[in-house]
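Data first, discussion second: the structure below is written as structure tokens.
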Amino acid sequence: MRLSVDGARQWELLRAVKELFCSCLACYNYPVDQADSLQQSRYRTFFQSDMRTILQHIQADSEIPDQSFERCIRSLDELLQAFEDIVDDGILLGDPQKVEISKIPKAQYAKLDVVKYELFGSKGHKSAITYLDPYIRLHGSKDYKSMIGAIKIFENDMKEVYKYSSGPEHESPHADFKKATGKKPISQLPGLDAMGEPAHPVRDMVQKLHGSLIRLLGCYSSTHKARLHLPPRDEVNSATPGAGINVDIYFSTCTNPSGWHGAKCTVQSCYPGGCNQSQPETRNLCRAISRSQMRKKQLHLLSIGERLHDLPNHRERLDTSQFPSKSLRELLDEGHFSHFGKHKVSLKERRILAVILAHLMLELCDGPWIRETWDASNIYFLCRTSNPYVINLRQPYVDSSLTSLQRPPTPDDSEPSDIERFHKYPLILDFARLLVEIQLGETIQPTEDDCPPGTETPDTAFFMIDRIFHDISDDIYEDYRSAIDACLECDQFLPEAGSFDHPQFRDLVYQNIVAPLEQELLKGFNITVPELSTLQFEDGRSSQGSISGSIYTPDSRSKHNSSSRSTPQPASFEYTEVNSTRKEYPVVNGRNGISQVRVDTISSCVSSSVEIYPPESFKIAIICPMAVELAPILAVLDTEYEGISFATQRNNYTLGRIGNHNVVVTVMPGIGNDRAAAVATQLINDFKSLKFGLLVGIGGGIPDLPQYDIRLGDVVVSKPTTTFGGAVQFDRGKTHPDNRFERTGHLNKPSWFLMSNLEKLIARHSIEPSKVSDYLAEMTRKRDVMIQKGYAHPGEEHDVLYEHDYRHKSHTGDCKDCDQSKKVERAPRESRDPVVHYGTIGSANTVLKDGDTREQLKKDLGIICVDMEAAGIIDDLPCLIIRGICDYADSHKAKKWQPYAAATAAAFAKEFLSIVPPDFSVNV
């Protein structure tokens, strides 16, 4: 059965749906909720991208078995119903104001039938879209997320349905590679237009440029090299006369092979007889370079097809202070990409560099610029001779030898060198190595695990990369990990024989390797590929030569998003100094920062422009009362971001990431519920998207044997009981004439969302050990100084619980003078691992140091821990209270256990956040 015949109605409706939602609709520019702006923007972009590729797995004219056809129709019906639901009912009456007409009987897909009629009728596409636009109900992030989910389910079903189909036009996923190109008319070849020219000629243009450069080298020196920067860009329409791209090139000079001369080159497409030949063709490139060098002018070239023209009237003054002299290999070996130390290349810069290199792979690999191999030694960055410690990471140059395309024959040419290789695509394997090295932050080398000494083979690199990738894969985000995995397993989706010269081969590489990198850049930093050439610098200057200008607008975004791989016209980034005194707050998506790395001349470390996140991207707050409690929280941060300036700076914030969550951390100026309330109020004003908070610190434990065998270093977490919502303020109330104290008021409960995640963690602890001890060990292992500061376990001999009515006998902090017979005997534990207890935490504005009062509170209120901040926060911000036990709230109270108790609380906070879904959007 065929979908185009036996399911013709559904197939036509799906085509109409794709036509509609791939158009520029008003709903794509619908004003977003400020609290959900980033999320909504991302979902909208994903939805538009999915709509462009919604038909890619369908072979409508292919024969499929009856059972597969039924599955296809069932899945298609579910998807069409989802689209039917986001079209207003008013479309049936032609009135956008009448959105509910439930009394009118409606046939299945009645609204989509109207969409198809309008789009495929006689109105014309533009008029049809104008008519249909008001009826589309697709605004909030929930709408987009729901549709993305429906599309993904549909695409997965189509992959399975057409997995083994054998239709006349789709013998196999890679059928075009297995057919000789001469068997088809030239107009039907993939990637070629009716005249036989490449439909996407950027790759062809830069290859012809390389050939022209070699042909015009007058000295024919074998030492000539060129370093090319090709920014991500829009594909060029070869049918447009004069259409072209701008690239930056640095040439090695004849007089000084170690010297470099810069050039701007405009590369234009060309048809036979359609070239602009008004400028004389350059006859000797070496002479042109020498003349420009003597005049200290930048060479300006125009490449049209196979011809190269020198434009002397367009030359600008040459900036001799910089040239691409610093290789990526040097940066890796010198530790600039290391994850350790305060100064490091940020995650955002690593991801941006990965995307740029991925596009260079698509355009240059298997061509004269990148032939048989490429690695970190072939990638260079601009570096000023006057200040070699500032490097622009977003402008990589590919080093290439300007020699003939034909290499001398070798004895091995009779037998293909890669016929026995485990990995068939060396250039893709080289890119996998680049991704791993950028992630790891250092050059990787083979070990005996990859091959015995002295027995290296072409497959050694594969086994080395595969081994290291699996070692670090748990620390890599999903999309980046997916790209590396696709590089290593590319034989699963690429044909047995193919190269980047074939457009369909590049499309497969793009879909499986490049697209995931772009997705992570978008999801993690809200940056699309077109925006890589339009980012502004710190001083407000735009990218030099940018066609689209320095201002990014919604209109330009919708234009760029009209193609799944659209990128703007190229722009060479102009170097600028870092402005350390930023006066204006960065834009929401953090695109104001210059993409450069500053190398400290003393420490030889790198300080990059760290990720800038807007307040709207933080949903979780962590509040610490004192510095001793703040330190371990800073230690468990996986990444620390650059700070944000506010008009009124009252709280001090540290921004970072724990696991999959951005968190804002603040410390109170002093202890007490009143100060806690003031800090929470300012925090909520500064970060309006906060969903919940964690109050993390130390507290006094109230053991209640045998149910609550609380020890020093244990963790107590607030959890509602039948009496209280997890916390109670026990010093709030009124005193009667008979000196009787009556407690008044109550505190809010933690939200359902917090409690459901807490219950999940409690359940996990019932089947597997807590990770608190692991995080504690990691904390002290990475930071030895914390052991010296007391953040290690003080020893069980220092954990002594005295009877509640026995008073401390010394003016010092130790209990050496106390009567040891008054100790409460408790069974020794099998390990030092902290135990987590859940119950009611009592809060007050005074320090509790009395055993009798402690026991009375336990009896009256059932509390198992006391602190001085919970009551000031929990009513203003949905909050979970996490306390590490540092004393027993009696006269024997001391500070010895405070650092370790604070560390255990911080470790539990990190474990709790690992349970919280990374993309939660509920109102908690």
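Laboratory data are not the source of any read-out in this text; all were calculated from the coordinates shown. Not measured: the values here are computed from a predicted model. For neighbour counting, all protein chains shown are included, and Cβ atoms are generated from backbone atoms with ideal geometry for every residue, glycine included.
Results, tabulated for the structure shown:
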| item | result |
| --- | --- |
| Approximate spin-label separation Asn156-Arg371, in nm, with each point projected 7 Å along Cα-to-Cβ | 4.6 nm |
| Environment charge at Phe908 (Cβ cut-off 11 Å; Lys +1, Arg +1, Asp -1, Glu -1) | +1 |
| Pairwise label distance in nanometres, Ala777 with Arg650, each label 7 Å out on the Cα-Cβ vector | 4.4 nm |
| Using a Förster distance of 35 Å, the FRET efficiency for Val5-Asp85 (Cβ separation, nearest 0.05) | 0.80 |
| Modelled FRET efficiency - R0 45 Å, Arg467 with Ala627, Cβ distances, 0.05 increments | 0.60 |
| Gain on full stretching of the segment that runs from Thr447 to Ala894 - 0.36 nm per residue minus C-alpha separation | 155.7 nm |
| Rounded Å value of the spacing that divides the Cα centres of the range 139-157 and the range 344-365 | 29 Å |
| Local electrostatic count at Ser325 - Lys and Arg +1, Asp and Glu -1, tallied over other residues with Cβ under 12 Å | +1 |
| Cβ-based net charge around Asp638, under 10 Å, with every Lys or Arg adding one and every Asp or Glu removing one | 0 |
| Inter-probe distance in nm under a simple model that places probes 7 Å from Cα toward Cβ, at Asn662 and Glu12 | 4.8 nm |
| Nonlocal amide H pairs with Asn748, under 5 Å, H built at 1.01 Å | Asp875 |
| Sites Asp459 and Ala497, calculated FRET efficiency, Cβ-Cβ separation with R0 22 Å, nearest 0.05 | 0.75 |
| Theoretical gain in end-to-end length, His798 to Ser401 [0.36 nm per residue, Cα-Cα removed] | 135.9 nm |
| Alpha-carbon centroids, the range 456-534 and the range 802-873: separation in whole Å | 56 Å |
| 19 Å cut-off, amide nitrogen to a point 7 angstrom out along Arg807 Cα→Cβ, residues in the range 889-914 | 889-894 |
| Highest-first arrangement of 153-161, 633-641, where packing means the average Cβ count within 10 Å | 633-641, 153-161 |
